[in-house]
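Trainee: Let me give you the structure first, and then I'll get to my questions.
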Amino acid sequence: MSLKEVREKIQKIDDQIIELIAKRTDMAEDVLEEKKKEGMGIDDEEQREIVLNRMVEAATEHNLDAGAVKQIYEILIEMSTERQRELSGKGELQP
């Protein structure tokens, strides 16, 4: 396999990652609706820790840098939280 072919495969994977990030972020609306039904606020520190711990464990199982994966998921969680704030009309500076 040539370098060009390897890079094309990586590009396809990158495209899939972006699609999955978009799908994950789009779920913020569903999450927000369910939080409203349960009388919860946007920030859910307990769930954040559950997700981060689960992903660190998964990273370790796949022999990936758990710290880097944790950083990635912290960003993904923040993207979801920001989207929920936008949808609720609270803006990005509100808790």
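Throughout, read-outs are computed from the coordinates displayed, never taken from laboratory work. Keep in mind that this is a model prediction, so the values were computed, not measured. As a convention, Cβ positions derive from the backbone with ideal geometry for all residues, glycine included, and neighbour counts pool all protein chains shown.
Trainee: Under the condition of being assigned to a helix (DSSP H, G or I) and aliphatic (A, V, I, L, M), which residue from segment 23-38 is nearest to residue 76 (Cα to Cα)? Lay out the reasoning, then the answer.
Mentor: Going residue by residue through segment 23-38, those that are assigned to a helix (DSSP H, G or I) are 23-26, 28-37.
Restricting the remaining residues to those that are aliphatic (A, V, I, L, M) gives 28, 31-32.
Details: 28: 11, 31: 14, 32: 15 Å.
Top of the filtered list is 28.
Trainee: Considering only segment 39-68, how many residues are surrounded by 12 or more Cβ atoms within 10 Å (Cβ to Cβ), assigned to a helix (DSSP H, G or I) and aliphatic (A, V, I, L, M)?
Mentor: Qualifying residue count for the region: 7.
Trainee: How many residues, within segment 39-55, are touching a residue at least 24 places away in the same chain (Cβ under 8 Å) and not β-branched (Val, Ile, Thr)? Let's see the steps before the verdict.
Mentor: So in segment 39-55, the residues touching a residue at least 24 places away in the same chain (Cβ under 8 Å) come out as 41-43, 48, 51-52.
Next cut, not β-branched (Val, Ile, Thr) only: 41, 43, 48, 52.
The number of residues fulfilling the criteria is 4.
Trainee: So, of the residues in segment 69-91 that are under 23 Å from residue 32 (Cα atoms) and among the aliphatic types (A, V, I, L, M), which turns out to be surrounded by the fewest Cβ atoms within 10 Å (Cβ to Cβ)?
Mentor: So, considering only residues that are under 23 Å from residue 32 (Cα atoms) and among the aliphatic types (A, V, I, L, M), the one surrounded by the fewest Cβ atoms within 10 Å (Cβ to Cβ) is 75.
Trainee: Here's another thing I want to ask about it. Among the residues of segment 65-78, how many are among the hydrophobic types (A, V, I, L, M, F, W, C) and more than 17 Å from residue 21 (Cβ to Cβ)?
Mentor: Going through segment 65-78, the residues among the hydrophobic types (A, V, I, L, M, F, W, C) turn out to be 66, 68-69, 72, 75-77.
Now restrict to residues that are more than 17 Å from residue 21 (Cβ to Cβ): 66.
Count: 1.
Trainee: For segment 21-38, check the following and say yes or no: at least one residue is over 16 Å from residue 86 (Cα atoms), surrounded by 11 or more Cβ atoms within 10 Å (Cβ to Cβ) and without any contact (Cβ under 8 Å) to a residue 60 or more places away in the chain.
Mentor: Yes - at least one qualifying residue is present in segment 21-38.
Trainee: Mind checking whether some residue in segment 10-22 is farther than 25 Å from residue 69 by Cα and either more than 14 Å from the chain's Cα centre (by Cα) or part of a loop (DSSP other than H, G, I, E, B) (or both)? Working first, answer last.
Mentor: Step one: list which residues in segment 10-22 are farther than 25 Å from residue 69 by Cα, which gives none.
Checking segment 10-22: not a single residue is farther than 25 Å from residue 69 by Cα and either more than 14 Å from the chain's Cα centre (by Cα) or part of a loop (DSSP other than H, G, I, E, B) (or both).
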